[in-house]
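The values are calculated or read from the model by the stated rules, or taken from the named source; none is laboratory data. Since the model is a prediction, treat every value here as computed from it, not as a measurement. Glycine also receives a Cβ, built like all others from the backbone with ideal geometry; neighbour counts cover every protein chain displayed. When the accessible area is computed, the model is the full protein with side chains, heavy atoms only, and any ligands, DNA or RNA have been set aside. Shrake-Rupley method; radii C 1.70, N 1.55, O 1.52, S 1.80 Å.
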Amino acid sequence: RPRGPTLRRVDFELPADDDPRRIEVREWIAEHPEPSGPELAAAGYVVPHWPAPWGLDADPIHQLIIDDELRRARIRRPDNTIGIGWAGPTLLAAGTDAQKDRHLGPIISGEEIWCQLFSEPGSGSDLASLSTTAVRDGDEWIVNGQKVWTSLAHHSSFGILIARTNP
């Protein structure tokens with residue numbers, strides 16, 4: 001008998017083709033057969049699980065329906081992995097309203113690409129040996145250190161920097 005938690009398979013079928021959510025997405029696609037990143041973002045289809053106005057507060061099934069319909073139409077969302085996967089959720093959780101207003105729209109539309117500033121000379125991505133520091137100076141941070149091998153840096157407008165703030 002196996003030890004540990006029992007894993008159970010979850011079987012479900014996505015709602016049928018006549019589901020109103022599918023019809024809504026298909027109608028939008030018919031009106032936007034080759035949508036731009038800003039058009040997809042405005043519709044809430046880039047990050048449908050995010051809250052409005054950036055997403056649709058979509059539950060998991062609704063997200064899968066949107067994914068399925070975009071895939072069927074061969075529509076790709078903007079490619080901004082660090083922005084959408086890391087910067088955006090961080091701003092949603094901890095950003096000011098001004099930061100959200102400034103950054104979230106361009107992140108999800110793909111108009112402003114973000115990179116990660118993690119790796120350092122001599123330590124790679126080993127964050128335990130992180131030597132870059134950031135010291136508060138009034139309303140600003142003074143950063144001392146060096147980053148290398150920065151993913152997406154050549155396309156980026158902004159980056160997420162990891163630095164020590166408490167020695």
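Taking the centroid of alpha carbons for each part, the range 138-165 and the range 50-102 are 23 Å apart. Per residue, the chain exposes 66 Å² of accessible surface when a 1.4 Å probe is rolled over the protein heavy atoms with every protein chain present.
Extension gain for R74-I160 works out to 27.9 nm (0.36 nm per residue, less the C-alpha to C-alpha distance). Checking every one of the chymotrypsin sites (Phe, Trp or Tyr not before Pro) in the range 1-58 against DSSP loop status and a limit of 15 other Cβ atoms within 10 Å picks out F12.
Less than 5 angstrom separates the built amide H of I160 from those of C115, Q116, L117, all sequence-distant by 5 or more or on a different chain. Restricting the chymotrypsin sites (Phe, Trp or Tyr not before Pro) of the range 116-167 to loop positions (DSSP other than H, G, I, E, B) with no more than 15 neighbouring Cβ atoms within 10 Å leaves W149. Counting only heavy atoms of the protein chains and using a 1.4 Å probe, D59 has close to 80 Å² of accessible surface. Compared with the alpha-carbon gap, the fully stretched path from D67 to W141 is longer by 22.7 nm at 0.36 nm per residue. Within the range 13-167, DSSP assigns beta bridges of which about 50% are antiparallel (rounded to the nearest 5).
Per-residue Karplus couplings for the range 92-103, computed as 6.51 cos²θ - 1.76 cosθ + 1.60 with θ equal to phi - 60°, are listed in order as 4, 7, 10, x, 6, 4, 5, 5, 4, 4, 6, 9 Hz, Gly and Pro entered as x.
With a 1.4 Å probe rolled over the protein heavy atoms of all chains, the accessible area of R22, R136 falls in the order R136, R22, largest first.
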